[in-house]
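In what follows, a structure is listed as structure tokens, so that the remarks can point back to it.
The values are calculated or read from the model by the stated rules, or taken from the named source; none is laboratory data. Nothing here was measured: the structure is a model prediction, and the numbers come from that model. In this analysis, Cβ positions are derived from the backbone assuming ideal geometry, glycine residues included, and neighbour counts consider all displayed protein chains.
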Amino acid sequence: MTRFPLIALDPSGDGLHLATPDPMWREAWYFEVYDPASRVQFHAYQGVFPNAGTGDLTAAFFVEDRRVHEIMKVDFTVPADPIEERLNFGPMKMEMLEPFERWRIRYDAEVTADLIFEAVHAPYSWAESRLFMESTSDHEQRSQHFDQLGRYTGTVWAAGKAYPVNALGFRDRMWGWGARRHWTSYIVMWAAFSEDFVANVSIQNFADGTQGLCGYILQDGERSLARHARVELQWHPHRWRTVQHAVIHLEDRLGREVELTGVPLGVSDTSHRWKHRRDHMLFSLGTYHCGNAVGHGVMNWAFLTEALRPNILEANLPDPAVAGNFQTRQA
């Protein structure tokens, strides 16, 4: 049993889930870590489409800040039933050792890895921030997500050399699809400076002109939801899809404010590879600064077209009275 309180999460939420009839319903696992001591970066997405019996895997390793391995394959054959083989196909094997607490990730290709993720904080569900698609009763619009900070330990082997890993990193889980199909752009920027200082923000723009804000500040032993965020993106002068620099201003419900700057590390371009998406979507980890503090964490962004590529994203925590689904919010 988890030692953490589960807020807006079912105790079985870290297990496998039954699909709805939505052909794009999916379940996905993400693992993301950068170790500044060994200069090893690992980020992976593994997902399944049970109604189609297919799975996909995107994984990348960077060693000494150079990409040494990457895979993007979207046509694995996987069981439709929610059995353990959903977790194990291709070169990656995931094992839940204890729900919401410990996972083991093994990788067997030209680069190999054996890593343990051990949670240091409670999982954070987007439902805590009242994102409408987390709690709607309309299963065609429902999609669920949580993320969690933990410590990765283990070893990555590349070119005959062993690289130890012992660093803070994130993992996240999602299941469903629903209103995610109406995204026009979003950013995900999670910065871990220490076990006692984390800034987490996701701003999502939807096709009806509305936004979602998810995230929190964890500081001085207290985690409080973000109530306002502003993210300014500077795009690379020669690489039109690549963020060069981000400035993030975050305020929580306790009135605490932090300002971060972030730059991406190794980037994986997953644009237009999956049957369920039609956007430019790039995955990376980033280096973050807040005053004298230096941290690392997730830095992902997506947009449908260059015209919808955001320079500034700004959003507020929704009013508790706001409810409904995508269609009713459009009305």
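Yes or no, residue by residue, for (1) surrounded by fewer than 21 Cβ atoms within 10 Å (Cβ to Cβ); (2) within 26 Å of Met72 (Cα to Cα):
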position: Gly221; (1), (2): yes, no
position: His249; (1), (2): yes, no
position: Arg273; (1), (2): yes, yes
position: Thr287; (1), (2): yes, yes
position: Gly291; (1), (2): yes, no
position: Val294; (1), (2): yes, no
position: Asn300; (1), (2): no, yes
position: Leu304; (1), (2): yes, yes
position: Pro318; (1), (2): yes, no
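Every condition in (1) on the phi < 0 side of the Ramachandran plot; (2) within 17 Å of the chain's Cα centre (by Cα) holds for Phe100 except the one numbered (1). Of all positions in region 57-71, none carries a residue that is over 26 Å from Gly297 (Cβ atoms) and more than 18 Å from the chain's Cα centre (by Cα). Between Pro5, Pro23, Pro50, the distinction of being crowded, with 21+ Cβ neighbours inside 10 Å, over 18 Å from the mean Cα position of the chain (by Cα) and over 21 Å from Tyr107 (Cα atoms) belongs to Pro50 only. Just one of the numbered conditions (1) exposed (fewer than 15 other Cβ atoms within 10 Å of the Cβ); (2) part of a loop (DSSP other than H, G, I, E, B) is not true of Gly13; which one? With (1) exposed (fewer than 15 other Cβ atoms within 10 Å of the Cβ); (2) part of a loop (DSSP other than H, G, I, E, B) applied to Gly13, the lone miss is (1). Of the residues making up region 201-228, those that are outside any loop (DSSP other than H, G, I, E, B) and of a type in the set (A, V, I, L, M, F, W, C) are Val201, Ile203, Phe206, Leu213, Cys214, Ile217, Leu218, Leu225, Ala226. Just so you know, in region 114-162 the residues that are under 22 Å from Trp25 (Cα atoms) and of a type in the set (Lys, Arg) include one that is surrounded by the most Cβ atoms within 10 Å (Cβ to Cβ), and it is Arg142. Selection over region 267-303 of residues that are modelled with pLDDT under 95 and assigned to a loop (DSSP other than H, G, I, E, B) gives a count of 10. Exactly one residue out of Thr184, Thr155 is on the phi < 0 side of the Ramachandran plot, over 18 Å from the mean Cα position of the chain (by Cα) and of a type in the set (Val, Ile, Thr): that is Thr155.
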